[in-house]
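> Dropping a structure here in structure tokens format, bear with me for questions.
None of the figures in this text is laboratory data; all of them are computed from the coordinates on show. Keep in mind it's a predicted model, so treat the numbers as computed, not measured. Quick reminder, even Gly has a Cβ in these numbers, built from the backbone with ideal geometry, and neighbours come from all protein chains shown.
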């Protein structure tokens, strides 16, 4: 008797989540639904140059406190906190409390939806330019 365990993501355009199904010997044991990150949230969050700079600083330097980010950003602490809230909602940063301080770190994997979107349109435009090149070559 063999034990086969599969976890396969099932994604649909009509559902805003990825469904993972755990099956053992073709018997469904568990279904786990994970909400997908929305690329619009990521684009909106990174559209602001201050938020982009904060995200880049966290990516380069690692975990930092709000005070350190305030010194880096050159804006007020309440402004940095608001920017961090937007980044948190887009799942681009995570935070942890340590005493009276909050430490933030970048979650670079949250860029996945944006990278996926860019890959789709990158392939689209590559194909369009290849077609254009073929037409231009035939015209010569």
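> Below 8 Å between Cα atoms, with a sequence gap of 6+, how large is the relative contact order for segment 39-110 in percent?
Working: 85 pairs, mean separation 26.3, N = 72.
Value for segment 39-110: 37 percent.
> Another question about this same structure. Compute the FRET efficiency between residue 124 and residue 48 as 1/(1 + (r/R0)^6), taking r as their Cβ-Cβ distance and R0 = 30 Å, and round to the nearest 0.05.
Working: r = 27 Å, r/R0 = 0.90.
Taking R0 as 30 Å, the efficiency between residue 124 and residue 48 is 0.65.
> Hey, with R₀ at 35 Å, roughly what FRET efficiency would residue 108 and residue 137 work out to, going by the Cβ-Cβ distance, to 0.05?
0.30
> Right, next: For the residues 115, 80, what sequence is obtained by ranking on other C-beta atoms within 10 Å, fewest first?
Values: 115 13, 80 23.
Neighbour counts put them in this order, fewest first: 115, 80.
> Enumerate the residues in segment 47-62 having an amide nitrogen under 20 Å from the point lying 7 Å beyond the Cα of residue 117 toward its Cβ.
Hits in segment 47-62 for residue 117 at 20 Å: 47-56.
> Arrange the peptides 133-139, 66-72, 120-126, 93-99 so that the one whose residues have, on average, the most other Cβ atoms within 10 Å appears first.
Details: 133-139: 8.4, 66-72: 16.3, 120-126: 10.1, 93-99: 12.3.
Those peptides, ordered most packed to least, come out 66-72, 93-99, 120-126, 133-139.
> How far apart, in nm, are two points set 7 Å out from the Cα along the Cα-to-Cβ line at residue 89 and at residue 56?
The modelled label-to-label distance comes out at 2.4 nm.
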